[in-house]
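The values are calculated or read from the model by the stated rules, or taken from the named source; none is laboratory data. Owing to the predicted nature of the structure, the values given are computational and were not obtained by experimental measurement. Cβ coordinates were reconstructed from backbone atoms using ideal geometry, including for glycine residues, and neighbour counts include every protein chain displayed.
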Amino acid sequence: MNLNGHSNSISLKEYLLAMLNAEREMAAQQRAFVAMRFELAEKALELNHVEMLRRLDLLNHAHEDARQKEASFVGREVYESQVKDTNKWRDEVNAALSTRQGRSSVTSGVAGAVGGLALSALFAMIMYIAKAMLNGFPK
């Protein structure tokens, strides 16, 4: 008995029915949780599928862009032949410039020598005339 004077006893049948009912409720909750888990897993798979399709679309677009850029590239053979032609042209230009510079140096040297001789002759003539004029005046 409890403090109120009521008995706390129940029959075995009622106890077993209450336990069975509690087990059924617990099983129903577990089924609901399992069902929810499967629904969430299915939703996650759907979202993953949509994301993969989006990424594949982006990759395909990037791949197409890369192909278009690659089409404008110069092949190694073409590049190497152009470099070879450019190097040959550069060597020819450098040789021509060196030859001209050598000729120019010789020409400049000859012109300088002739100019120097001409100036020396001019100064000598001026000195000779100045001397003749100064000697021609009475002292």
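Candidates are the residues of the range 62-90 that are at pLDDT below 90 and of a type in the set (Phe, Trp, Tyr); the one that is surrounded by the most Cβ atoms within 10 Å (Cβ to Cβ) is TYR79.
Note on the range 4-61: residues that are at pLDDT below 95, among the polar types (S, T, N, Q) and part of a helix (DSSP H, G or I) amount to 1. Does any residue in the range 73-94 that is assigned to a loop (DSSP other than H, G, I, E, B) come within less than 8 Å, Cβ to Cβ, of a residue that is not aromatic (Phe, Trp, Tyr) six or more places away or on a different chain, and which pairs are these? Once the first residue is assigned to a loop (DSSP other than H, G, I, E, B) and sits in the range 73-94, its partners that are not aromatic (Phe, Trp, Tyr) give VAL74/GLN82.
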